[in-house]
1. Eight or more residues apart or on different chains, and alpha-carbon atoms under 23 Å: count the Lys pairs in region 38-167 matching that.
2. Give me the log10 of I(q) over I(0) for region 104-145 at q = 0.20, 0.23, 0.30, 0.33 Å⁻¹, as the Debye formula computes it from C-alpha points; what are the numbers?
3. Whole percent per 10 Å bin, from 0 to the bin with the longest distance: what is P(r) over all C-alpha pairs of region 27-87?
4. Please list the equivalent ellipsoid semi-axes of the chain, computed as the square roots of five times the alpha-carbon gyration tensor eigenvalues, in descending order and whole angstrom.
5. Counting only protein chains, not ligands or nucleic acids, how are Trp129, Trp157 ordered by accessible area (probe 1.4 Å), most first?
6. Rg/Rh for region 55-150 to two decimals, with Rh computed the Kirkwood way over all alpha-carbon pairs.
Amino acid sequence: MQHLKKGRIFANENNIVPVSHVTEVLMRNLNNNYPATPKEVIKYFGEITQCFYNEEYTEEELNSLADKILVLYDDELVSYKTHEDYIIDLKNDIAIYKENGYKLSSYAPSASTDVEFFTEDGYEWARIWCIFTIKSGKYFSNINEVFILRKDDDSHWRIFGWDVVDE
């Protein structure tokens, strides 16, 4: 039985099954298919973030999305909050966005050639920028953020932190 992926529809010879964006994002197995580059890490971060702020999901799916995004984070970043506190803060942030009618319209990481690589304190680091476009009603605004990623012992790029870049 061959499975073909077409957009957000998964098909085999017996049936066609529509898959939500949340399910599609959650289907990625990060143990076998971890993003290979800093840009790919930020793209997957953007996909998960869009799910948080734009999609409908169950409590279980929210927790699964949170677990996925935490895998992208550097262990040091994860250590700053308990899992429970992270979920509480995430839910509060999502509630504020939804109450204000915000949607994460798009995200655009800088080109791979624009990633800055450097070595410091015995670690490999990468700096990459990403523009997030927020929609509020009929208006759009951009938020420019810079991400710092650190390569871990398994040679995976993990998000160490990020900040909004002043225009």
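1. 22
2. So the normalised log intensities are -0.67, -0.76, -0.96, -1.04.
3. Computed distribution, short to long bins: 19, 53, 27, 0.
4. Semi-axes (√(5λ), whole Å): 26, 22, 17.
5. Reading off the accessible areas and sorting them downward yields Trp129, Trp157.
6. Radius of gyration over Kirkwood radius for region 55-150 works out to 1.01.
The values are calculated or read from the model by the stated rules, or taken from the named source; none is laboratory data. Worth saying up front: this structure is predicted, and the values here are computed from it rather than measured. In case anyone asks, the SASA skips ligands and DNA or RNA and just uses the protein heavy atoms, side chains included. Shrake-Rupley method; radii C 1.70, N 1.55, O 1.52, S 1.80 Å.
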